[in-house]
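Comments concern the structure below.
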Amino acid sequence: MLLRFKSQQRVFRIADVKVGGQPGENPAVLVGTIFHEGDKAVIDPVKGVIDKGKAEAALLRQDELSKSTGNPCMVDVVGRTGKALINYLDFVSDVTDAPILVDSPSPEARIEACRHAVEVGLEKRIIYNSISPDSSLREVETLKETGVESAVLLAFSECEFSPEEKLKLLSGEGEPLLLKAEKAGVRNVLVDVSLLDVASMAYAAESIMAVKEALGLPSGCSPANAFDTWRRVNELAPRAKRTCLASLCVFARCFGADFILYGPVRLAEAVFPACAMADAIFTYSLVKEGYEPEDKNTPLYKIF
């Protein structure tokens, strides 16, 4: 088989999506972002006014690609304010059944949106994005009050890049991320090992493997963030950025990434086929060893 972790792997079910496990058992979950800074579907980022036609088309296309490839999807919803984020959550939850990451630069906005989501019955579908080393005790305690059970743990520090340092952020001394998650009442944790640029994917890939081997937790990263600093990519070829993004997502998957935040949801067409191919190969490597997938709704049986 291509890649196998010795430690037992945790699998979490969030709404109808399973994330985690040995490579090849469950397909990578692909997460598209919407209403981020610069999204043309956003008309007023403070009030949360959007072009519903553009946004709906992008979300439905991700759902279509998820269904045709067998890779589950989630939506990372970004809002500048609590009001905007609440409006976005209401809209997205009506358009798609996919789990939703509640994302904002403002912890207060995230908490406000989480409270609303629980009030309207979305508590099983939302994922707090994210608990980080900078998350205060107040934020953690307030998150627990909301009753949200799923969260991304962002293992990021400007001074700590190695797999060993990422593990310390998660389970080391002091106030590690796993302790914060426990205090917040979070049961389903997704570890984002983070990366700063394309080259640092080397650290991220090693960290994904280290987290899965040491802790057995679903782990992944956000390859799209790396392209903000790679200014020469557009000089390589007319569609080089999309091609390289898909390649970077596949690279992450080949090192065991259980979920991948691939960037703007409009880029789904570049990412889903590439990752589905990688997942099909992983599953085939298990099948030839006698493994029988419980769920045939997986890339090996969907794309070949």
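Quick note: the coordinates plus some simple rules give every number you see, no bench work behind them. Not measured: the values here are computed from a predicted model. Because the Cβ atoms are built from the backbone with ideal geometry, glycine has one as well, and the counts that use them run over all protein chains shown.
Brief remarks on what is shown
- Within the stretch 1-52, considering residues that are outside any strand (DSSP E or B) and of a type in the set (Lys, Arg), the one surrounded by the fewest Cβ atoms within 10 Å (Cβ to Cβ): LYS6
- Flag for SER194 being part of a helix (DSSP H, G or I) and either polar (S, T, N, Q) or closer than 25 Å to GLU139 by Cβ (or both): no
- Top-ranked residue of the stretch 105-129 - restricted to ones that are outside any helix (DSSP H, G or I) and buried (at least 22 other Cβ atoms within 10 Å of the Cβ), ranked as farthest from the chain's Cα centre (by Cα): ARG125
- Residue match in the stretch 63-83 (condition: in a helix (DSSP H, G or I), among the hydroxyl-bearing types (Ser, Thr, Tyr) and touching a Leu at 6+ places or on another chain (Cβ under 6 Å)): no
- Across the stretch 272-304, the qualifying residues are those that are aromatic (Phe, Trp, Tyr) and assigned to a loop (DSSP other than H, G, I, E, B), and the one among them that is surrounded by the most Cβ atoms within 10 Å (Cβ to Cβ) is TYR291.
- For GLU182: the one exception among (1) under 30 Å from LEU143 (Cβ atoms); (2) in a helix (DSSP H, G or I); (3) in contact (Cβ under 8 Å) with a residue 12 or more places away in the chain: (3)
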